[in-house]
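**Q** Supplied in structure tokens, the structure appears directly below.
The values are calculated or read from the model by the stated rules, or taken from the named source; none is laboratory data. None of the values given here were measured: they were computed from a predicted structure. Here the Cβ is made from the backbone with ideal geometry for all residues, glycine too, and neighbour counts use every protein chain on show.
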Amino acid sequence: MTDPKNLESWLHEKAGPAYDALKADPARAVTADQVRYTLDELLAEAEASGQYPLPPEQREWVDAPAVGRELLPEDLQTAEAIAAFLADAETTADPAYIQHAREVAAQARAMHGLEG
């Protein structure tokens, strides 16, 4: 097993100041000299390009409450959960939602190593 002191010396030699800064302040993954933009600069750039503020129809969508169909592949961890999700989608008779459910189910199967 590697001696922690040797590992620390190796990291210091290979990563240098980045490792030292992270060791000094583990909550700060980006050192102050690596900051590329401030929030104000990013907002100004987005405003200049017309991406900010959002148009009213997009703002309405962002601010809308959840409607209950926001399942993610991370939420579907068993074959039974996937089957129930797909069955529920089929009962809606909404082709777009059924297609979406199939895509989410495929992602969940791949993510969790489940058979389809």
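**Q** What number goes with the only condition from (1) of a type outside the set (Asp, Glu); (2) modelled with pLDDT of 75 or more; (3) exposed (fewer than 10 other Cβ atoms within 10 Å of the Cβ); (4) over 24 Å from the mean Cα position of the chain (by Cα) that Arg36 does not pass?
**A** Here Arg36 clears every test but (4).
**Q** A further question follows. Within the group Ala66, Ala89, Ala27, which residue is assigned to a helix (DSSP H, G or I) and of a type in the set (Gly, Ala, Ser)?
**A** After ruling out the rest, the residue left standing is Ala89.
**Q** Tell me which residues, restricted to region 44-79, are within 26 Å of Leu114 (Cβ to Cβ) and either among the aromatic types (Phe, Trp, Tyr) or surrounded by 10 or more Cβ atoms within 10 Å (Cβ to Cβ) (or both).
**A** Arg69, Leu71, Leu72, Pro73, Glu74, Asp75, Leu76, Gln77, Thr78, Ala79
**Q** Scanning for something closer than 30 Å to Asp88 by Cα and in contact (Cβ under 8 Å) with a residue 24 or more places away in the chain, does region 57-69 turn up at least one residue?
**A** Yes, region 57-69 contains at least one residue that is closer than 30 Å to Asp88 by Cα and in contact (Cβ under 8 Å) with a residue 24 or more places away in the chain.
**Q** Can you tell me which residues in region 69-86 are more than 20 Å from the chain's Cα centre (by Cα) and assigned to a loop (DSSP other than H, G, I, E, B)?
**A** Thr78
**Q** Kindly list the number of the only condition in (1) exposed (fewer than 10 other Cβ atoms within 10 Å of the Cβ); (2) among the hydroxyl-bearing types (Ser, Thr, Tyr); (3) at pLDDT 75 or above that fails for Thr2.
**A** (3)
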